[in-house]
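A.B. asks: Starting off with a structure, shown below.
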Amino acid sequence: MLRKSYNLFDICVDIFKKNSGFQQYMRIRILFITFFTGLICFSTAQVRELTPEAQISVLTCGSGSDLYTTFGHSAFRIQDSAQGVDWVYNYGTFNFDPPMFYVEFAMGKLFYSLSKQNMPNFLYAYELENRWVKEQLLKLTPIQKNELFHFLENNYRPENRDYKYDFFFNNCATKIPDVLQEALGEKLLFNEGHLEKKYTFRQLIHQNLTTNSWSSFGIDLALGAVIDRTATVKEHMFLPIYVMQQLGNSTLADHDLVLRERTILKSVKMEGKGYFLASPLFWILALLVFVLIITYIDYKNHIRSRILDFLLFFVTGSAGVLLVFLWFFTDHTATANNFNILWVFPLNLIVGFTILRKKNTPIWLPKYLLFLLGSLGLTLILGIFKIQVFSPLAIPLLIMLGVRYLFLWKYFQQQNSLK
């Protein structure tokens, strides 16, 4: 026989059901539901307070092997052993959900979120990836600890946790000084002078990249001249390592912000050289040699390899269209004023189909080729005067295109003279 269990609500209801009519029973039921619902809401609305012994620190993590981990990571850590709290507040969480992830990333509309997880789980991922983690313990009063804690908890609410990501100005690293300033107020001073040298945004990016890599080449191709200005001390803090350096040179009221620093995880250096045959330099040089050989053969035999010309124009034109799209039709701030379109020229995409024809080439084609040669020369001038810094891997490509354009100009000049 099953035994029925009663709680306070059931007992009260039974009493009123035995001594009252159905209408009164329903009134009492509604009152109890309203009372207990309000009690639950009131209790959940109360934000817990940290004990005076609680500690708040900033975590800085080393770079990883994947591109999105190349530049490191920053996060807040809150410990309160009296309450069993050891949480990491992580502004670097994103929803990797193809294909929309790639669409949002390309459009510059990618949203990141603040997540909260236990410290052991956070560290486990970095241990697996062989990445170092350093901790800076902040010297805060109990009131300041709770102000920062409540700020993070409020940010973690579903309606507040998402923010529009920007690689240079709104990421997991820039959130650290922004949150500290917002929560701690004017008493927090980020003192300058600790940097021996200031770098441009592009130089800061390359501190974490290998020049002879596809990621480095792609970034230099996609980002414009706007990142070739010198960053301010504050703007250096889009990289976690510079956030760590800045916190070490910051004061709160009359004392240093950082009480002490320590290394939580060490990384084991993996000595290894990249596979040169898979590097962009190898394939670019191979392409250069191939095009030069074909061009020499064409010159000697007074012919033209139409398929080669079509591919060169189609690829450079497609790349140019992509750069125009990134420049004018997305929310990216770093893809503006991209003078790479001078050598990956968008109109080549259309001209490529014209140049594919064996006969009846238009009379304006030689002039267009002279224009392309002038654009290559202008690219070199902009690079020399550092109006925009181009990837050194582009130099062999400029030579290749220059030689081929010059050959085509002479070829079509001769063809037009025979008409």
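A.B. asks: Identify, from the list Leu50, Leu2, the residue that is open to solvent by 50 Å² or more (accessible area, probe 1.4 Å) and either farther than 30 Å from Thr333 by Cβ or at pLDDT below 85 (or both).
C.D. replies: Values: Leu50 fails: open to solvent by 50 Å² or more (accessible area, probe 1.4 Å).
After ruling out the rest, the residue left standing is Leu2.
A.B. asks: Looking at (1) in a helix (DSSP H, G or I); (2) without any contact (Cβ under 8 Å) to a residue 24 or more places away in the chain; (3) more than 32 Å from the chain's Cα centre (by Cα); (4) surrounded by fewer than 16 Cβ atoms within 10 Å (Cβ to Cβ), which is the one condition that is false for Asn360?
C.D. replies: That leaves (1) as the condition not met.
A.B. asks: A further question on this structure: Please go through (1) in contact (Cβ under 8 Å) with a residue 40 or more places away in the chain; (2) more than 30 Å from Leu128 (Cα to Cα); (3) open to solvent by 40 Å² or more (accessible area, probe 1.4 Å) for Gly274 and return the number of the only condition it doesn't satisfy.
C.D. replies: Exception for Gly274: condition (2).
A.B. asks: I'm trying to understand the selection: among the residues of the range 93-109, which are in contact (Cβ under 8 Å) with a residue 24 or more places away in the chain and either basic (Lys, Arg) or open to solvent by 20 Å² or more (accessible area, probe 1.4 Å) (or both)?
C.D. replies: Once the filter is applied, which keeps residues that are in contact (Cβ under 8 Å) with a residue 24 or more places away in the chain and either basic (Lys, Arg) or open to solvent by 20 Å² or more (accessible area, probe 1.4 Å) (or both), the range 93-109 yields Phe94, Ala106, Met107, Lys109.
Conditions tested, residue by residue: (1) closer than 30 Å to Tyr126 by Cα; (2) loosely packed, with under 14 Cβ neighbours inside 10 Å; (3) β-branched (Val, Ile, Thr).
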residue: Lys266; (1), (2), (3): yes, yes, no
residue: Leu281; (1), (2), (3): no, no, no
residue: Ile284; (1), (2), (3): no, no, yes
residue: Phe290; (1), (2), (3): no, yes, no
residue: Ser305; (1), (2), (3): no, no, no
residue: Leu308; (1), (2), (3): no, no, no
residue: Leu312; (1), (2), (3): no, no, no
residue: Val321; (1), (2), (3): no, no, yes
residue: Leu326; (1), (2), (3): no, no, no
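A.B. asks: Now, a different point. Being touching a helix residue (DSSP H, G or I) at 6+ places or on another chain (Cβ under 7 Å) and in a helix (DSSP H, G or I), is that true of even one residue in the range 129-144?
C.D. replies: Looking through the range 129-144, at least one residue is touching a helix residue (DSSP H, G or I) at 6+ places or on another chain (Cβ under 7 Å) and in a helix (DSSP H, G or I).
A.B. asks: Keeping to the range 398-419, report how many residues are open to solvent by less than 20 Å² (accessible area, probe 1.4 Å), under 30 Å from Ser213 (Cα atoms) and of a type in the set (A, V, I, L, M, F, W, C).
C.D. replies: Residues meeting the conditions: 2.
A.B. asks: Which pairs have Cβ atoms under 8 Å, sit 6 or more apart or on different chains, and link a residue in the range 243-264 that is in contact (Cβ under 8 Å) with a residue 60 or more places away in the chain and farther than 27 Å from Arg131 by Cβ to one that is in a helix (DSSP H, G or I) and aliphatic (A, V, I, L, M)?
C.D. replies: Leu252/Leu184
A.B. asks: Another question, then. Return the residues of the range 64-85 that are open to solvent by 70 Å² or more (accessible area, probe 1.4 Å) and free of Cβ contacts under 8 Å to residues at least 24 places away in the same chain; say none if nothing qualifies.
C.D. replies: Matches in the range 64-85: Asp66, Tyr68.
A.B. asks: Scanning the range 183-212 for residues that are surrounded by 14 or more Cβ atoms within 10 Å (Cβ to Cβ) and in a helix (DSSP H, G or I), which turns out nearest to the chain's Cα centre (by Cα)?
C.D. replies: Among residues in the range 183-212 that are surrounded by 14 or more Cβ atoms within 10 Å (Cβ to Cβ) and in a helix (DSSP H, G or I), the one nearest to the chain's Cα centre (by Cα) is Ile205.
A.B. asks: Can you work out which of the residues in the range 53-75 that are modelled with pLDDT under 95 and not in a loop (DSSP other than H, G, I, E, B) is nearest to the chain's Cα centre (by Cα)?
C.D. replies: Out of the qualifying residues, it is Tyr68.
A.B. asks: In the range 154-171, how many are open to solvent by less than 20 Å² (accessible area, probe 1.4 Å) and hydrophobic (A, V, I, L, M, F, W, C)?
C.D. replies: 1
A.B. asks: Please specify each residue of the range 115-153 satisfying the condition of being open to solvent by less than 70 Å² (accessible area, probe 1.4 Å), of a type in the set (Lys, Arg) and either within 27 Å of the chain's Cα centre (by Cα) or modelled with pLDDT under 95 (or both).
C.D. replies: Lys116, Arg131
A.B. asks: Kindly establish whether Leu347 is of a type in the set (A, V, I, L, M, F, W, C), open to solvent by less than 30 Å² (accessible area, probe 1.4 Å) and at pLDDT 95 or above.
C.D. replies: Answer is no for this residue.
The values are calculated or read from the model by the stated rules, or taken from the named source; none is laboratory data. Everything quoted here is computed from the prediction, not taken from an experiment. When we count neighbours, we look across all protein chains shown, and the Cβ atoms used for this are built from the backbone with ideal geometry, even at glycine. Side chains included, ligands, DNA and RNA excluded: accessible areas come from the protein's heavy atoms. Shrake-Rupley method; radii C 1.70, N 1.55, O 1.52, S 1.80 Å.
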